[in-house]
Amino acid sequence: MKVLLNTHCVTRGDGQGRVNYEIAAYLAGAGHAVTLLADRVAPELLEHSQITWQRIPAPIRMPDLPRCLLWAEACTSYLRTHAAEFDIVHLNGALAYVPHHVNTSHFVHSSFRTYLQEEHAPGWRGLYHRLHAEVNARLERKVYRLAQRVVAVSPKTGRELEQSGVSTQQLQVICNGVDSTEFYPSTEARQRMRATLGIPADQMALLYVGDFTQTRKGLSTVLAAMAGLPEHIHLYVAGKGTVSTYRSLLGPVEKQVHFLGFRRDIAELFRAVDLFVFPSRYDSMPLVVLEALASGLPVVTTRASGFGELMGQDSEGIVIEDPYDAMAVHSALLRLYDQAGLREQMGRQARRLAETYSWQKMARQYEALYEATLTETKR
């Protein structure tokens, strides 16, 4: 097959980009010819003889919304001329406005728009986010009508797509994966990294990973939940964001919260801590939750995170129903602090669950979908 994958970047460090990275690597290894219509591509992919990069450079120095709209127009122009050269054209959201075979939805803006209405974000920033969601929700409805098949990255995302008008006959769920050889538990690595971070043996270390410039990722809920917890519970925060934004919540717990900044050693951080906490208010299927589970960590997350509903309650962790409920998060953390045996049991089950979500399994499902779509096209 000749397959075209269209997304902004095809790299390991980006959620949507990582999904397409794994699809491209698998397809090329299976002998398919892959063209990447993207702005950025991981250099190692281009070493493969079956992978070609057709670069569409993204405009710079402008807000995200107009930049993405201009980039989508450039992709549309390319595909109007070249789409017929490929057996499969696979888009990711509203990145071009042409008929195509497969479109993967990593984020449902019509549902996110509802979340923003509930959030009541003030000022120009809130207005911009609402405008961004509204424009993208309209574009997605248009683009999904041009796709033969629409893929949801989680069952939650699938339900949201149906609510936005995607038909059940058009829809398929293919969950994201994780590399369980990159993310895994290790006693030796745990001790080494705890020593590097200065984490005492008797401390229960919590980890939060995410872009905390976005309130929807739930860091404020974690910080509020920390109030009143035993002094041996410490939170380590990795990711992009401004600490001053959360200063009002840090007062009583400042000595128990450590901001690590942006890190490239996330796998090592997972191996150093005792559990992962991620009370997201809206997500589809965040890779970071799967990575934590693969690292053998109990996970405290929400049903709104997209993966929470795929976890068993009290099995691989604790799932919070209300992502704003800091007391529920507080109680979950306190319970896991008091029950070390339960933490260990959950960690083992977390690892087993993550091993059922491999990148190879995901990529094979996409390959099978392409083949089925080709068969439908030839009828």
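The values are calculated or read from the model by the stated rules, or taken from the named source; none is laboratory data. Quick caveat: nothing in here was measured; it's all calculated off a predicted structure. Here Cβ is always computed from backbone atoms with ideal geometry, including for glycine, and neighbour counts include all displayed protein chains. Heads up: the accessible areas ignore ligands, DNA and RNA and are worked out on the full protein's heavy atoms, side chains in. Shrake-Rupley method; radii C 1.70, N 1.55, O 1.52, S 1.80 Å.
Points to keep in mind about this one:
- Each residue in the stretch 9-47 was checked for being over 17 Å from residue 363 (Cα atoms) and either at pLDDT 95 or above or part of a helix (DSSP H, G or I) (or both), and 11 pass.
- Within the stretch 49-89, tally of residues that are surrounded by fewer than 12 Cβ atoms within 10 Å (Cβ to Cβ) and of a type in the set (Gly, Ala, Ser): 2
For (1) open to solvent by 20 Å² or more (accessible area, probe 1.4 Å); (2) more than 30 Å from residue 101 (Cβ to Cβ); (3) of a type in the set (Gly, Ala, Ser); (4) touching a Ser or Thr at 6+ places or on another chain (Cβ under 7 Å), each residue gets a yes or a no:
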{"residue": "308", "(1), (2), (3), (4)": "no, yes, yes, yes"}
{"residue": "317", "(1), (2), (3), (4)": "no, yes, yes, yes"}
{"residue": "337", "(1), (2), (3), (4)": "yes, yes, no, no"}
{"residue": "350", "(1), (2), (3), (4)": "no, yes, yes, no"}
{"residue": "361", "(1), (2), (3), (4)": "yes, no, no, no"}
{"residue": "364", "(1), (2), (3), (4)": "yes, no, no, no"}
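- Filter result (closer than 25 Å to residue 240 by Cβ, touching a residue at least 24 places away in the same chain (Cβ under 8 Å) and not hydroxyl-bearing (Ser, Thr, Tyr)) within the stretch 190-213: 193, 194, 197, 199, 205, 206, 207, 209, 210, 211, 212
- The set of residues in the stretch 218-273 that are within 27 Å of residue 178 (Cα to Cα), free of Cβ contacts under 8 Å to residues at least 60 places away in the same chain, open to solvent by less than 20 Å² (accessible area, probe 1.4 Å) and among the aliphatic types (A, V, I, L, M) comprises 219, 235, 237, 238.
- Residues of the stretch 157-194 that are among the small types (Gly, Ala, Ser) and either surrounded by fewer than 17 Cβ atoms within 10 Å (Cβ to Cβ) or over 30 Å from residue 264 (Cα atoms) (or both): 158, 164, 165, 167, 186, 189.
The rows are residues; the columns are (1) within 17 Å of residue 72 (Cα to Cα); (2) of a type outside the set (A, V, I, L, M); (3) modelled with pLDDT of 90 or more; (4) not in a strand (DSSP E or B).
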position	(1), (2), (3), (4)
103	yes, yes, yes, no
112	no, yes, no, yes
115	no, yes, no, yes
124	no, yes, no, yes
127	no, no, no, yes
132	yes, yes, no, yes
136	yes, yes, no, yes
139	yes, no, yes, yes
143	yes, no, yes, yes
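- Hey, residue 148 under 23 Å from the mean Cα position of the chain (by Cα) and surrounded by fewer than 20 Cβ atoms within 10 Å (Cβ to Cβ) or not: no
- Test: residue in the stretch 129-140 that is buried (at least 20 other Cβ atoms within 10 Å of the Cβ), in contact with a strand residue (DSSP E or B) (Cβ under 9 Å, 6 or more places away or on another chain) and in contact (Cβ under 8 Å) with a residue 24 or more places away in the chain: yes
- Selection count, the stretch 19-38, where residues are open to solvent by 10 Å² or more (accessible area, probe 1.4 Å) and out of contact with any strand residue (DSSP E or B) (no Cβ under 6 Å at 6 or more places or on another chain): 6
- Every residue from the stretch 315-351 that is under 20 Å from the mean Cα position of the chain (by Cα) and assigned to a helix (DSSP H, G or I): 350, 351
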